[in-house]
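Just below is one structure, and these are the notes that go with it.
Quick note: the coordinates plus some simple rules give every number you see, no bench work behind them. Because the structure is predicted, anything quoted here is derived from the model rather than measured. We place every Cβ from the backbone using ideal geometry, glycine too, and count neighbours over all the protein chains shown.
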Amino acid sequence: MKYYPVFLDLKAKDCLVVGGGNVGARKAATLEKCGAKVKVISDRFSPGFDDLKKTSICIEKKKYEKKDVNGMFLVFAATNNADLNQQIKDDASMLDILCNVADAPDNSDFLLPSIVDRGDLVLAVSTSGSSPAMAKRIRQDLENQFGSEYARLLLLMGNVRKKLLSSGHAPDEHKEIFHTLIEKGILEMIKANDEININAVLCDVLGKQYSYQDLVSSRSYE
């Protein structure tokens, strides 16, 4: 295994993207979605940044300077200038800051996998830089296999767990409960939008106080 797979918590972490093209826009959007404090620097920006101006992303029109990497958690060199990308990488390395260089896996400290996003279910596919096209094909296959029902299932499970904990339920007993819910076919019921049977299963396993509508009505159950 060439790379060490890891999922990073980027909430409130400072991340820099240098490059105003479509690649930079995609990287910035994904970082912002993960809760990072994103700053993008470029002397020009593609139309892909139009919608990002409505987000919390800091978009600064300027030329890159060495000081721009100071204090960053991650740096992304995403310009169309190989020499500038190398300079950004060198500046980040001098400060022991991890840097990803667009389209240059051998010159990057980390790679960005192809991602299937289903809420709390995130499937990451990497070919270690050997074939991005193959990674994309595998991602597309996974997208067909894992639909939006998985996001709703994990939202339900997560909020069931929170409600159990708030009622003093022993965490050691959760595994059996969730195994039972899955064995009773709750995933297939969610996919079919069969709320009547979902509620019947929840009532049977957990009690009348557990309602599918209540548990998935918000991102976080209080």
(request) Arrange Asp14, Asp106, Asp204 by Cβ neighbour counts within 10 Å, fewest through most, would you? (result) Asp106, Asp204, Asp14
(message) Could you tell me the calculated FRET efficiency between Arg44 and Lys67, based on Cβ-Cβ distance and R0 = 22 angstrom, to the nearest 0.05?
(response) 0.60
(request) Identify, among Leu155, Phe178, Met189, the residue whose Cα sits farthest towards the positive end of the charge dipole of region 149-215, taking +1 on the Cβ of Lys and Arg and -1 on the Cβ of Asp and Glu, with the dipole about the Cα centre. (result) Leu155
(request) Would you calculate, for the chain, the mean residue ellipticity at 222 nm contributed by helices, counting each DSSP H stretch of 4 or more residues as -39,500 (n - 2.57) and dividing by all residues, to the nearest 500? (result) -12000 deg cm²/dmol
(request) Could you work out the mean projected area of the convex hull around the alpha carbons of region 1-112, in square nanometres to one decimal? (result) 6.6
(message) Please list 3J(HN,Hα) in residue order for region 109-126, calculated via the Karplus relation 6.51 cos²θ - 1.76 cosθ + 1.60 where θ = phi - 60°; whole Hz, with x for glycine and proline.
(response) 7, 7, 10, 9, x, 7, 10, 10, 9, 10, x, 6, 8, 10, 9, 10, 10, 9
(message) Between Glu143 and Asn22, what's the calculated FRET efficiency when r is the beta-carbon distance and R0 is 25 Å? Round to 0.05.
(response) 0.75
(request) Please sort by residue number the trypsin sites (Lys or Arg not before Pro) in region 34-94 whose DSSP state is loop and whose Cβ has at most 13 other Cβ atoms within 10 Å. (result) Arg44, Lys62, Lys63
(request) Report, in debye and to the nearest 20, how large the dipole of the chain comes out about its Cα centre when Lys and Arg carry +1 and Asp and Glu carry -1 on their Cβ. (result) 520
(request) Treat every Asp and Glu Cβ in region 149-215 as -1 and every Lys and Arg Cβ as +1, leave all other atoms uncharged, and give the resulting dipole magnitude about the Cα centre to the nearest 20 debye. (result) 220
(message) What translational diffusion coefficient, to the nearest whole µm²/s, does region 149-215 have by Stokes-Einstein, given a Kirkwood radius computed over alpha-carbon pairs, a temperature of 20 °C and 1.002 mPa s viscosity?
(response) 180
(request) For the chain, just the Cα atoms, rotate onto the principal axes and tell me the three extents in Å, largest first. (result) 63, 35, 35
(request) Would you mind ranking Leu95, Leu142, Leu153 by Cβ crowding within 10 Å, fewest neighbours first? (result) Leu95, Leu142, Leu153
(request) Order by neighbour count: Val116, Val75, fewest other Cβ atoms within 10 Å first, most last. (result) Val116, Val75
(request) Quick one: work out the % antiparallel among DSSP beta bridges in the chain, nearest 5. (result) 25
(message) Averaging the inverse of every distinct alpha carbon separation and then flipping it gives the Kirkwood radius. What is it for region 57-188, in angstrom units?
(response) 18.5
